[in-house]
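Trainee: Take this structure first; my questions come after.
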Amino acid sequence: MTSPTLVACDLDRTLIYSKSALWLEGADKDAPAMVVAEVYDGAPLSFMTLAAQQLLGAVKESATFVPATTRTQAQYERVQLPGPVPEYAITSNGGVLLHHGVPDAQWNAKLSALMAESCAPLETIEAHLSKPEFSAWILRLRRAEDLFAYAIIDRDLMPDSFVAELEELCAEAGWSVSVQGRKLYCVPAPINKADALAEVARRTGAASVIAAGDSLLDQGMLELAHVAFRPIHGELHDAGFAASHLRLTSVRGILAGEEMLREILAEVTAA
Ligand SMILES: [Mg+2]
């Protein structure tokens, strides 16, 4: 078996885009052809351009494509990407490693042991987020796979000081924080996309890793990759994240997704 090139891509606001994140500029009549990448409650929810869908199909033929998302397994399974089920998929921010679509028990056991050793329990974080004084902006609190917590927030009402204090509290508890659109995530440090991707690289004997992502939860994965891409939107862009092996798109929104796939395809076919 030859050593594959891994292409690990975040999904939301990297490969697929909801209506509110299309950020199309120019006249409506010039908008790109789009395909529905996710249906929720019977209605289209996420999109990619038709060209992006075709590019992703081509990438999957030339490299080992690894979706890497903070979505739970169930939320991930709603996403319709071209081609066969990937051999490996990282969901739940690295908390679940799907092998041929099935959660890998060995990975789960390893994470459980790490969390028991170094992280405060999920309940502690939930209790903090549930405090009545935060209820103006913490609209709903959810638990993902019994692994981490995320809240639907009112971003306009959420003070910066709240996030700063939460980051401090979480850091002491062995957790990390990420704010993306209307969602705030609190995730135990051992649950991260980078470690899950390193595990996939180890198992597949990958010769090189290409990664793309837009949020703080993608940063470790981008740092680990040999070649990395990020769009000029999202948390990492706002933070000014840069690295010598990191390439930025020229546009934002759904067309940035297409642009990254075009560059990734050029990268994997040149290899
Ligand atoms: Mg994203």
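Trainee: Given q = 0.10, 0.21, 0.22 Å⁻¹, what are the Debye log10 I(q)/I(0) values for segment 93-230, with equal point scatterers placed on the Cα positions and solvent ignored?
Mentor: The calculated log intensity ratios at q = 0.10, 0.21, 0.22 Å⁻¹ are -0.37, -1.31, -1.37.
Trainee: Another question, if that's okay. Name the most mobile residue of Asn192, Asn93, Asn108, meaning the one with the largest mean-square fluctuation, in a Gaussian network model of the chain with Cα contacts below 10 Å.
Mentor: Among Asn192, Asn93, Asn108, the largest mean-square fluctuation in the Gaussian network model of the chain belongs to Asn108.
Trainee: Can you give the Rg and Dmax of segment 55-153 based on its C-alpha atoms, in angstrom?
Mentor: Using the Cα atoms of segment 55-153, the pair Rg, Dmax is 16.5, 52 Å.
Trainee: Mind listing the phi-derived Karplus ³J(HN,Hα) values for segment 188-205, rounded to whole Hz, using 6.51, -1.76 and 1.60 with θ = phi - 60°, and x for any glycine or proline?
Mentor: x, 3, x, 8, 8, 5, 5, 5, 5, 5, 4, 5, 5, 4, 5, 5, 8, x
Trainee: Mind scanning Lys131/Lys183; Lys110/Lys193; Lys19/Lys60; Lys110/Lys131 and naming the pairs with a C-alpha gap bigger than 22 Å?
Mentor: The pairs that break the limit, which is 22 Å between Cα atoms, are Lys19/Lys60; Lys110/Lys131.
Trainee: Placing one identical point scatterer on every Cα of the chain and ignoring solvent, what is log10 I(q)/I(0) from the Debye formula at q = 0.07, 0.12, 0.13 Å⁻¹?
Mentor: Relative scattering, expressed as log10 I(q)/I(0), comes to -0.24, -0.72, -0.86.
Trainee: Can you work out the accessible area per residue across segment 146-199, with the rest of the protein chains kept in place, probe 1.4 Å, in square angstrom?
Mentor: 42 Å²
Trainee: Fully extended, how many nm does the chain gain between Ala105 and Ala207 (0.36 nm per residue separation, minus their Cα-Cα distance)?
Mentor: That pair, Ala105 and Ala207, stretches by 34.2 nm at full extension.
Trainee: If you don't mind, there's one more thing I want to ask. Can you give me the % of accessible surface on the chain that is carbon or sulfur? Probe 1.4 Å, all protein chains present, nothing else counted.
Mentor: Carbon plus sulfur share of accessible area: 52 percent.
Trainee: Check which residues have an amide H placed less than 5 Å from Ala8's amide H, if you skip close sequence neighbours.
Mentor: HN-HN under 5 Å from Ala8: Val66, Ile210, Ala211, Ala212.
Trainee: Let me ask something else about it. What is the Cα convex hull volume of segment 150-230 when expressed per residue in Å³?
Mentor: In segment 150-230, the Cα hull volume divided by residue count equals 95 Å³.
Trainee: Using C-alpha positions alone, give me the convex hull volume of segment 96-144 per residue in cubic angstrom.
Mentor: Hull volume over Cα atoms, normalised by residue count, gives 87 Å³.
The values are calculated or read from the model by the stated rules, or taken from the named source; none is laboratory data. A quick note: this is a predicted structure, and the numbers were derived from the prediction, not measured. Accessible surface areas use protein heavy atoms only, side chains included; no ligands, DNA or RNA. Shrake-Rupley method; radii C 1.70, N 1.55, O 1.52, S 1.80 Å.
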